[in-house]
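Have a look at the structure below before the remarks.
The values are calculated or read from the model by the stated rules, or taken from the named source; none is laboratory data. Here the structure is a predicted model, which means the values were calculated and not measured. In this analysis, Cβ positions are derived from the backbone assuming ideal geometry, glycine residues included, and neighbour counts consider all displayed protein chains.
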Amino acid sequence: METIQITFARRGLVRPRQDRVLAGVCAGLGRRFGIDPWPARLLFVLILLVVPGSQILLYPLLWILMPPEQRVAEPVSAPGS
């Protein structure tokens, strides 16, 4: 699962520490695709209404697979090192 989270992080799919409502999945998706969190949440809900029951599977799956933002932060090296 670590490999999947690293792949998601490289593609910009992380759950941000700010703008979360529940787990940050929609905020992370919105950030990745360049839209604000609230329109991303509304779009997510509208898409999930098309396929009833998919939110029960998709949201928790993305919650598990998308790494939190602090776990993927690049370590800051000291100047001159």
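How many residues, within the stretch 8-59, are polar (S, T, N, Q) and either more than 18 Å from residue 70 (Cβ to Cβ) or within 10 Å of the chain's Cα centre (by Cα) (or both)?
2
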Considering only helices (runs of 4 or more DSSP H) wholly within the chain, the ones with at least 1 residues that are at pLDDT 85 or above are 25-33, 37-50, 54-65
Counting only residues that are of a type in the set (Lys, Arg), without any contact (Cβ under 8 Å) to a residue 12 or more places away in the chain and surrounded by 15 or more Cβ atoms within 10 Å (Cβ to Cβ), the stretch 7-56 contains a total of 1
